[in-house]
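Visitor: Below is a structure I'd like to ask you about.
The values are calculated or read from the model by the stated rules, or taken from the named source; none is laboratory data. Please read all numbers here as calculations on a predicted model, not as lab measurements. A quick note on method: Cβ atoms are made from the backbone with ideal geometry, for glycine too, and the neighbour counts reach across all protein chains shown. The accessibility values were calculated without ligands, DNA or RNA, using every heavy atom of the protein model including side chains. Shrake-Rupley method; radii C 1.70, N 1.55, O 1.52, S 1.80 Å.
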Amino acid sequence: MRKIVLFTASMALVFGSCVSNPDGEKAETTDSVELTEQVAGEIYTINADDSELGWLGSKVTGQHHGVINFISGELVVEEKQLLGGHFVIDMNSIENQDLEGEYKEQLENHLKSDDFFAVETYPEATFEITGTEATDNEFEIVISGNLTLRGVTKNIKFNSQIEELTDEKIVAKADFNIAREDWGVNYEGKADDLISKEINIKVHLVAQK
């Protein structure tokens, strides 16, 4: 009987360790960067109703996805080039989109708890652009910025696509992964249903003058 118990426990450990990260290129993460000066240019204000921050996390037995709302934000543009920006995110708005009823409520409450994003203590997250780099593709740029989440600030670098840039409107998107432990989100999940180390982030931004 003891052998069966040990075998079952061993299999649970092996099964629980086979969790894959969500699809997506991992953002380069470094220490926060101090902004020495504010960039100047034309200001485009985020349309929070049309913009969306999507999230996806995976575990051994499946995955969950949802959205988080923007509170405010702006982009700074000069001569059709994105130079800077700053955004505030409402962590209390974390929503799951693949469950219903009590299971949806349970997951959302868990994500808001100290196991994950501790929204009672840290109700807002922020992202401030610290640099942009052109690429060979005129519709793609590399963005670097300080992401403050759960009271921790790290600088991340990722690719972003500009879908529209006119005198009146900007539409941009990005798709990347971050390692949640870099921001102190260390909850591992159940022993037989471990959670991936990375979270996939999908950003869709609409900003207007």
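Visitor: Evaluate the following for Ser113: is it among the hydroxyl-bearing types (Ser, Thr, Tyr), over 26 Å from Gln38 (Cβ atoms) and buried (at least 16 other Cβ atoms within 10 Å of the Cβ)?
Guide: no
Visitor: OK, next. Residues of region 20-41 being open to solvent by 70 Å² or more (accessible area, probe 1.4 Å) and either not in a loop (DSSP other than H, G, I, E, B) or not acidic (Asp, Glu) (or both), which ones?
Guide: If the condition is that a residue be open to solvent by 70 Å² or more (accessible area, probe 1.4 Å) and either not in a loop (DSSP other than H, G, I, E, B) or not acidic (Asp, Glu) (or both), then Ser20, Lys26, Glu28, Asp31, Thr36, Gln38, Val39, Ala40 are the ones that fit.
Visitor: Still on this structure, I have one more. Take the residues of region 129-167 that are assigned to a strand (DSSP E or B) and of a type in the set (Ser, Thr, Tyr): which is surrounded by the fewest Cβ atoms within 10 Å (Cβ to Cβ)?
Guide: Thr153
Visitor: Of the residues Tyr44, Tyr103, which is open to solvent by 80 Å² or more (accessible area, probe 1.4 Å), at pLDDT 90 or above and not in a loop (DSSP other than H, G, I, E, B)?
Guide: Of Tyr44, Tyr103, the one residue that is open to solvent by 80 Å² or more (accessible area, probe 1.4 Å), at pLDDT 90 or above and not in a loop (DSSP other than H, G, I, E, B) is Tyr103.
Visitor: With Thr135, Thr148, Thr121, Thr126 as the choices, which residue is farther than 24 Å from Gly66 by Cβ and of a type outside the set (A, V, I, L, M)?
Guide: Exactly one of Thr135, Thr148, Thr121, Thr126 is farther than 24 Å from Gly66 by Cβ and of a type outside the set (A, V, I, L, M), namely Thr135.
Visitor: Okay, next question. Return the residues of region 168-186 that are within 15 Å of Asp115 (Cβ to Cβ) and surrounded by fewer than 14 Cβ atoms within 10 Å (Cβ to Cβ); say none if nothing qualifies.
Guide: Glu181, Asn186
Visitor: Another question about this same structure. Kindly indicate whether any position in region 177-192 is under 23 Å from His64 (Cα atoms), among the aliphatic types (A, V, I, L, M) and modelled with pLDDT under 95.
Guide: Checking region 177-192: at least one residue is under 23 Å from His64 (Cα atoms), among the aliphatic types (A, V, I, L, M) and modelled with pLDDT under 95.
Visitor: Take region 168-198 and flag every residue that is of a type in the set (Asp, Glu) and in a strand (DSSP E or B).
Guide: Asp175, Asp193, Glu198
Visitor: For region 47-89, how many residues meet the condition of being closer than 25 Å to Val119 by Cβ, not in a strand (DSSP E or B) and not polar (S, T, N, Q)?
Guide: The qualifying residues number 3.
Visitor: Quick one: in region 83-100, of everything that is at pLDDT 95 or above, surrounded by fewer than 20 Cβ atoms within 10 Å (Cβ to Cβ) and in contact with a Ser or Thr (Cβ under 9 Å, 6 or more places away or on another chain), which residue is farthest from Glu198 (Cα to Cα)?
Guide: Restricting to residues being at pLDDT 95 or above, surrounded by fewer than 20 Cβ atoms within 10 Å (Cβ to Cβ) and in contact with a Ser or Thr (Cβ under 9 Å, 6 or more places away or on another chain), the top hit is His86.
Visitor: Which one of these does Asn92 not meet: (1) under 23 Å from Phe176 (Cβ atoms); (2) in a strand (DSSP E or B)?
Guide: Failed condition: (1).
Visitor: Could you list, in sequence order, the residues of region 187-203 that are open to solvent by less than 70 Å² (accessible area, probe 1.4 Å) and under 29 Å from Lys80 (Cβ atoms)?
Guide: Ile201, Val203
Visitor: What do you reckon, is Thr126 of a type in the set (Val, Ile, Thr) and either touching a Pro at 6+ places or on another chain (Cβ under 7 Å) or part of a loop (DSSP other than H, G, I, E, B) (or both)?
Guide: Here the answer is no, as Thr126 does not meet what is asked.
Visitor: Same structure again: For region 66-82, how many residues are open to solvent by 60 Å² or more (accessible area, probe 1.4 Å) and free of Cβ contacts under 8 Å to residues at least 60 places away in the same chain?
Guide: Residues meeting the conditions: 5.
Visitor: Cβ-Cβ under 9 Å, sequence separation 6+ or interchain: first residue in region 179-190 and of a type in the set (Lys, Arg), partner assigned to a helix (DSSP H, G or I). Which pairs?
Guide: Lys190/Gly16
Visitor: Run down Ala179, Ala134 and say which single residue is under 17 Å from the mean Cα position of the chain (by Cα) and small (Gly, Ala, Ser).
Guide: Ala179
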